[in-house]
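Note sheet for the following structure.
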There are 2 protein chains.
Amino acid sequence: MSIVNPGPKYPPTKGEVWPKPQHETTELTYYTFDPSNFKVKVTNNTCDILTSAIERYSYIVRSLKPQRDQRPVSRTERRQRALQAQTLKLGVLQELQVQLTEPCEDYPHLEMDEKYRLSVSAVSILSSSSVWGILRGLETFAQKFYISDDMNELRINTSVVEDFPEYAHRGLLLDTGRHYISVPNILLTLDAMAMNKMNVFHWHIVDDQSFPYQSEKFPDLSLYGAYHSSMVYTKDNIAQIVEYARLRGIRVLPEFDVPGHTRSWGNAYPNILTPCYRGNEVVGLGPMNPIRNITYKMIRDLFHEVQARFPDKYLHIGGDEVEMLCWRSNPEIREYLQENGLKVEELHALFMQNTIPLLADGSKIVVWQEVFDEDVPLTSDTLVQVWKNDWVGEMVKVLEAGHRVLFSSAWYLDHLGAEWPTLYVSDPRDMVRDATGNDTLTAGVIGGEACMWGEMVDDRNVISRVWPRASAVAERLWSAPKSSQHRRYYFEMSPQPEVYRRMEEHVCRMNRRGIAAQPASGPGFCLV
Amino acid sequence: MSIVNPGPKYPPTKGEVWPKPQHETTELTYYTFDPSNFKVKVTNNTCDILTSAIERYSYIVRSLKPQRDQRPVSRTERRQRALQAQTLKLGVLQELQVQLTEPCEDYPHLEMDEKYRLSVSAVSILSSSSVWGILRGLETFAQKFYISDDMNELRINTSVVEDFPEYAHRGLLLDTGRHYISVPNILLTLDAMAMNKMNVFHWHIVDDQSFPYQSEKFPDLSLYGAYHSSMVYTKDNIAQIVEYARLRGIRVLPEFDVPGHTRSWGNAYPNILTPCYRGNEVVGLGPMNPIRNITYKMIRDLFHEVQARFPDKYLHIGGDEVEMLCWRSNPEIREYLQENGLKVEELHALFMQNTIPLLADGSKIVVWQEVFDEDVPLTSDTLVQVWKNDWVGEMVKVLEAGHRVLFSSAWYLDHLGAEWPTLYVSDPRDMVRDATGNDTLTAGVIGGEACMWGEMVDDRNVISRVWPRASAVAERLWSAPKSSQHRRYYFEMSPQPEVYRRMEEHVCRMNRRGIAAQPASGPGFCLV
């Protein structure tokens, strides 16, 4: 019960960028935009990624249209507009010069440079030594346009942005095993990720329930394992998705989770799974059979094919939630354990140890935290994804063991209670710093992922379920502040009105670009 | 951690009806469907409602197409199909005879008869003494078709259904004041309601934040009060929605909430609202001004226009959440209270007492529970909608005072935690019976409503947010069991596997009809 006037609690900002740039100065002067008198000039290096990005963003900027609102203006509104009208018009925006000072790289990768500098004036300049930085800067440039309050003009304020990400790995996990997600919705998700400067599409492609990955070596996997013949990802689909992502500076990190979460493999190849027993009776199939050679042969052959299709150096091999009860129930495995003097938990470690060398040469792996917890020897470039139990304690343990951490625990988008302001407040480096009292370990936290598990989402609601909630994670990972500020910061992380207001603008911006992000913070509307 | 084979936990039923009919016997024999050899014959009365319903359902049934699944069949599936193949084919469905034994009514209403009888055989018969019963029976008929396991045939089982609703008022509230919902999405919502045999569209059309109702008498209300000139409901839009609903046997119950929740009225007519004070300063506008004549004149004129557009006898006039603090802060009102020896709470009662006689002759009202709580004299045909505090205690109080109850407390769809199984278990008569130990009062609970408040939904997510959660409420209100069973029943209300399985089929059925209902209970897929 508050006694204030009607109107949205958090009126949207105008031309503010999401995620918030690291450094930005904005003047109270602006330029107007006239599509027929504006050009983009590439002054240095170029490549297909740059050319296609300029085409894409030119289209986006040109699609922004001032719209006359036929609604009459109330006295209050008129007063507000008069105030804002004090901003000074400097002229018409003429040109954007794109200065890429080093040659392009072909593929985005964990160590890629995303730093850029953008200065907006009559002749604006976007410069970076990396094509990935140029991509991020073009997104910023596009977001800085806004429609004037009288709906007559498209404007951009004089400003300078110097920007770079806080975390190198800013991911979104999408699970296409529990429900099939169509290729167009995956492409749309990549568009939304690019808008939020996220750079890793973690594709949890198969799971217990279905196997939509269509293999050339093992066509029966999807033939028997997909939900339906129409619900598969062909080689061409995957190539299209990888290329679409590449052009947006997004890595595609495929996950083939082993040895658990693999029941759908068993529709075609039951022999690679473990028969689970109740007494003397087989009651079903469980995780992969860790003591049979055919299991490893299949993994090796399939992974080689997968790694040929996905250019990323990293492969996510899962390793979570293995049903030890099933292994323990199986007489053949029990015998093996006895012969080798192993405990059933050690079998998981043994399985992972057998599996890791099967990957293509030079590949690196990501695993869920269980693999680390079970003492599997891991190389130092392995990424351990933390998702459960004592988050902070787990991160510290992994970091102390010399591995790098991906954080996801606080960012499970399938937990409906977690609206974006809740997701916004968790900063993994800040947690580690708090727990250890210093910055010795924080650099090892290389990023995190918002996780959209697929039990309750399909094509009908996946976009509105992910966005704008993943945007909160995106800003946390891009814009997290420097360590020296951390004490003050933790309090400040809880979103301030400025953040709500930027989020309002950002949701409407996503809607305008065809992404059905849901309302962010309460009553309101977007003009699309 | 369960050791069972893959596959959906709740495989969808085939040709089972949602909401579950009161009496149904189904044989293990079936007829196949061939659109070119099937006709619908009307044997008795007819009217525009009946003709258009037959056209609609003929299209729906004819759109169901057997679809070959190119996926090979695993051994387990083959075994299951062989078992099901034991159902006996009796021939081809030839005809549906529609026997409406009494003349049609024009408009759906609270006391309408929705009972019907459907017998399915080569010549099937649907009979009812009411066109509303025929509508419900046609929906049942359409839902009984299913595609055979080998995907080759469209089938319907021999069966007899005798069906009627448990509760007369089975509603869905949609709030178009916090976010504008487009007309096409409202029509789609009506389609979905008809599929779920819901019969009241409670249209919470305006609220504090916006006034999308376009009035002829007061065009400034939406001109200044709508979010945007494109976000209004014109007279024609309303006529279309009312007619679309009427043809589906759905009442449209408009709500114009007074005296609170009216700030958007004040954009054009600030004088009907109360200036709220902090000290001697006006800090904004609050609820309607209850001591000014212009307030009541405007309500009377607007309500007469509204009631001419909405044929339903009932008008919902709100009465919830009035900001007494604002009234109390206003010097003019404080003086009035002193002069008349009133407390500020009594002003609410006074306001409602002044307002109710302003309605068109013969109209009846629905109010939120606060109006009853504040001792406003209400006629016995007034419906009191219970939504907060001690649900059961409140219902009992309202019933003991001789009023009828609409229950909504457990069915707020904006509460995200409430997945459909949670919504499914609340039966308002059962609660009253439990509290009072007998059935004296239960008849006064005439129904309930699922409430989709609009703070966090707009066109992008409203359909998937409402469905299938409102379907749970729909079945509770249609299929609630007889009182004698209630003790046994309360335990049984928690959805059993059969309910989950029917829900799975129902969600896919909604998807096939273009309603983007979200997944119901976990991993799976729908063929659309």
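The values are calculated or read from the model by the stated rules, or taken from the named source; none is laboratory data. None of these values were measured; they are calculated from a predicted model. Methodologically, a virtual Cβ is constructed for each residue, glycine included, from the backbone with ideal geometry; neighbour enumeration extends over all protein chains shown. Surface accessibility is based on the protein's heavy atoms, side chains included, excluding ligands, DNA and RNA. Shrake-Rupley method; radii C 1.70, N 1.55, O 1.52, S 1.80 Å.
Can you compute 3J(HN,Hα) from phi for each residue in the stretch B:436-442, using the Karplus curve 6.51 cos²θ - 1.76 cosθ + 1.60 with θ = phi - 60°, rounded to whole Hz and x for Gly and Pro?
3J(HN,Hα) across the stretch B:436-442, in whole Hz: 9, x, 7, 9, 4, 9, 4.
I'd like to compare A:411-419, B:419-427: which one has the highest average count of other Cβ atoms within 10 Å, and what's the full order after that?
B:419-427, A:411-419
Where in the stretch A:328-342 is the amide nitrogen less than 20 Å from a point lying 7 Å along the Cα-to-Cβ axis of A:N280?
So the set is A:328-336.
In Å², and per residue, what accessible area does the stretch B:169-493 have when probed at 1.4 Å with the other protein chains present?
The answer is 33 Å² per residue.
Given the C-alpha atoms of the stretch B:194-314, compute the convex hull and give its volume per residue in Å³.
In the stretch B:194-314, the Cα hull volume divided by residue count equals 115 Å³.
Considering only protein heavy atoms and a 1.4 Å probe, what is the carbon-and-sulfur percentage of the accessible area of the protein assembly as shown?
Summing carbon and sulfur atoms, their accessible area is 51 percent of the total for the protein assembly as shown.
Just tell me how shielded A:223-230 is by partners: mean number of partner chain Cβ atoms within 10 Å of each residue's Cβ, no decimals.
5
With chain A rotated onto chain B, spot the residue of A whose Cβ lies nearest the axis and note the distance in whole Å.
A:L416, 2
Given H placed 1.01 Å from N in the peptide plane, which residues other than close sequence neighbours of B:Y314 have an amide H under 5 Å from its amide H?
B:K364
With a 10 Å radius around each residue's Cβ, average the other Cβ atoms per peptide and rank A:329-335, A:114-120, highest first.
Final packing ranking: A:114-120, A:329-335.
What ratio of Cα Rg to 2.2 N^0.38 Å holds for the stretch B:275-325?
Cα Rg divided by the expected 2.2 N^0.38 Å: 1.50.
Which FRET efficiency value, to the nearest 0.05, do you get for B:M151 and B:E419 by plugging their Cβ-Cβ distance into 1/(1 + (r/R0)^6) with R0 = 30 Å?
Using R0 = 30 Å, I get an efficiency of 0.50.
Which residues does the label zone of B:D106 cover in the stretch B:244-276, counting backbone N under 20 Å from a point 7 Å along Cα→Cβ?
B:244-254
Checking the a/c ratio against 1.5 first, then a/b against b/c, what shape does the Cα gyration tensor give for the protein assembly as shown?
Judged from the Cα gyration tensor, the protein assembly as shown comes out oblate (a/c at least 1.5, b/c at or above a/b).
Can you compute the helix-only [θ] at 222 nm over chain B? Use -39500 (n - 2.57) per DSSP H run of at least 4 residues, normalise by all residues, nearest 500 deg cm²/dmol.
Using -39500 (n - 2.57) per qualifying helix, the result is -10500 deg cm²/dmol.
Hey, for A:I294 with labels 7 Å out along Cα-Cβ, what do the inter-copy distances come to in nm, ordered shortest first?
8.6
Could you derive backbone 3J(HN,Hα) for the stretch A:10-19 from the dihedral phi with the Karplus parameters 6.51, -1.76 and 1.60 (θ = phi - 60°), listing whole Hz in sequence and x where the residue is Gly or Pro?
After applying 6.51 cos²θ - 1.76 cosθ + 1.60, I find 10, x, x, 6, 10, x, 9, 9, 10, x Hz.
Please compute the Kirkwood hydrodynamic radius over chain A, one decimal place, Å, based on all pairs of different Cα atoms.
24.8
Amide H to amide H under 5 Å from B:G284: which residues, 5+ apart in sequence or cross-chain, H placed 1.01 Å off N in plane?
Hits under the 5 Å cutoff: B:C276.
Just checking the output field for B:451-464: average partner chain Cβ neighbours within 10 Å of each residue's Cβ?
Per residue, the average neighbour count from other chains is 5.
Once the label point is placed 7 Å from Cα along Cβ, list for B:G514 the distances to the corresponding points in the other copies, in nm, shortest first.
Shortest to longest, the spacings are 2.2 nm.
Just to be sure I understand: if you take the accessible area of chain B alone plus chain A alone and subtract the pair, with a 1.4 Å probe, what total do you get in Å², rounded to 100?
Accessible area lost upon association: around 5200 Å².
Counting only residues 5 or more places away or on other chains, whose amide H sits under 5 Å from the amide H of A:E153 once H atoms are built in the peptide plane?
Those qualifying (amide H under 5 Å, at least 5 residues apart or on another chain) are A:S148.
Please compute, for peptide B:356-364, the average count of beta-carbon atoms on other protein chains lying within 10 Å of each residue's beta-carbon.
0
Please compute the contact order of chain B in relative form: average sequence separation of alpha-carbon pairs under 8 Å and at least six residues apart, divided by the residue count, as a percent.
Once normalised by length, the contact order is 16 percent.
Of the listed pairs A:K89/A:K144; B:K144/B:K197; A:K14/A:K41; B:K343/B:K397, which have alpha-carbon separations greater than 18 Å here?
A:K14/A:K41; B:K343/B:K397
Treat each spin label as a single point 7 Å out from the Cα along the C-beta direction, and report the B:A239 to A:D236 distance in nm.
Between B:A239 and A:D236, the simple spin-label model gives 5.0 nm.
Distances in nm, one decimal, shortest first, from B:S119 to the same residue in every other copy, taking the label point 7 angstrom along Cα→Cβ.
Label-point distances to the other copies, shortest first: 8.9 nm.
As I understand it, the value is the acute angle between the Cα axis of helix B:235-247 and the longest principal axis of the Cα atoms of chain B; what does it come to in degrees, rounded to 10?
In chain B, helix B:235-247 runs at an angle near 40 degrees to the longest axis.
Can you list, by residue number, the Cys in chain B that have no neighbouring cysteine C-beta under 4.7 Å?
So, B:C451.
Applying the Karplus parametrisation 6.51 cos²θ - 1.76 cosθ + 1.60 with θ = phi - 60° to the phi angles of the stretch B:143-159, what ³J(HN,Hα) value in whole Hz is obtained for each residue in order, glycine and proline being reported as x?
6, 7, 6, 8, 9, 5, 4, 7, 6, 9, 10, 9, 10, 9, 7, 4, 6
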